[in-house]
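Student: Shown below is the structure under consideration.
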Amino acid sequence: MIRIDAAPLIVIAAVLVGLKLLVLWIEPRMAFYPIRGVQESPALAGLEFENIMIPTADGERLHAWWLEARDARAQVVFFHGNGGNLSLWLDAIVGIRQHACSVLAVDFRGYGSSTGRPSEAGLYRDAEAAIQLFANRLRKPGSPVVYWGRSIGTPVAAHAAARLAPDAVILESPMPDVRSLLRTNPVLWLFSFFSSYRFPTARLVTRYSGPLLVIHGDADSIVPYSAGRRVFEAAATNRKAFVTIAGADHNDLHLVNPRQYWDAIQTFLSGVASRAR
């Protein structure tokens, strides 16, 4: 009878379990950089707004701003990136409102004045709660509904679109999935096999068939430009457009070339509105 020494197997199993637990502890700390509280509001730009608390299915409460535009050309549900809170993204939110759009801007759980702690599954629940409240309470007839995501907000917007279809989706600096961003770092790429996080934007956009605009900077140092192209190419819809902002990094798309940025969005929204009539 062949005897197998179980000790090495036990050690390997213990190491693998330890790595899994380590990654589960580390991943939310690497994925999310929330800031608590509200440091600035749309009042700083002289805009009227409503503070809204949105209940989620799992008992959290999300802080959101509702900025309503009269005769809005579009109604936007905005999902921000992984850093800061609504105050950090104030200039982007104000820009959307100043371009004649109503906007519901949502702080994810654990951000700003929202309760809870962020996680991938949690962000998807947040999106579901936000779009449901928007549909039930805020949506007005006559102008298209747009889900708009930035960075880590792009898989969130894509998930929302698969749950309750909007009239259009805008994705800024999207990533295909988490693992694709870690391929240049062998250690993090190896650890990604133990991660529960996926953020699979490229897969999620295959479930959406409406108008899609993808905007990406060709100098993006966080999510490579090629990653944004992969999301665009994966999208199932044939009503899609890709806009390159030359020289733009990850968070300054609306700052490097504001005319190109807003002209592209206005052209896209005009097309969406004309098809919706």
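Since every read-out is calculated from the coordinates, none of them should be taken as a lab result. Please read these numbers as outputs of a predicted model, since none were measured by experiment.
Student: Pull up all non-local amide H partners of Lys240: gap of 5 or more, or a different chain, and H-to-H distance under 5 Å with H placed in the peptide plane.
Tutor: Excluding prolines and chain starts, which carry no amide H, the hits are Leu212.
Student: Something else: Could you give the length gained by full extension between Arg163 and Val256, i.e. 0.36 nm per residue of separation minus their alpha carbon distance, to one decimal place? Provide the component values of the computation, followed by the final result.
Tutor: On the way: separation 93, 0.36 × 93 = 33.48 nm, distance 3.34 nm.
The Arg163-Val256 span can extend by a further 30.1 nm.
Student: Fully extended, how many nm does the chain gain between Arg61 and Glu48 (0.36 nm per residue separation, minus their Cα-Cα distance)? Before the final figure, lay out each step's value.
Tutor: Working: separation 13, 0.36 × 13 = 4.68 nm, distance 2.23 nm.
In short, 2.5 nm is gained.
Student: Additional query: Write down, largest first, the equivalent ellipsoid semi-axes of segment 7-276 in whole Å, where each equals the square root of 5 times an eigenvalue of the alpha-carbon gyration tensor.
Tutor: Details: eigenvalues 201, 93, 58 Å².
For segment 7-276, the semi-axes come out at 32, 22, 17 Å.
Student: So how much slack lies between Glu233 and Ser41, counting 0.36 nm per residue of separation and subtracting their Cα-Cα distance, in nm? Mind dumping the intermediate values first?
Tutor: Working: separation 192, 0.36 × 192 = 69.12 nm, distance 3.67 nm.
Full-extension gain reported as 65.5 nm.
Student: Give the percent of DSSP beta bridges with both residues in segment 7-276 that are antiparallel, rounded to the nearest 5. The partial results should precede the final answer.
Tutor: On the way: 10 of 39 bridges.
So the antiparallel bridges in segment 7-276 amount to around 25 percent.
Student: Turning to a different aspect of this structure: Please turn the phi angles of segment 239-245 into ³J(HN,Hα) values with the Karplus equation 6.51 cos²θ - 1.76 cosθ + 1.60 (θ = phi - 60°), one per residue in order, whole Hz, x for glycine and proline.
Tutor: Coupling constants for segment 239-245: 9, 9, 9, 10, 10, 9, 9 Hz.
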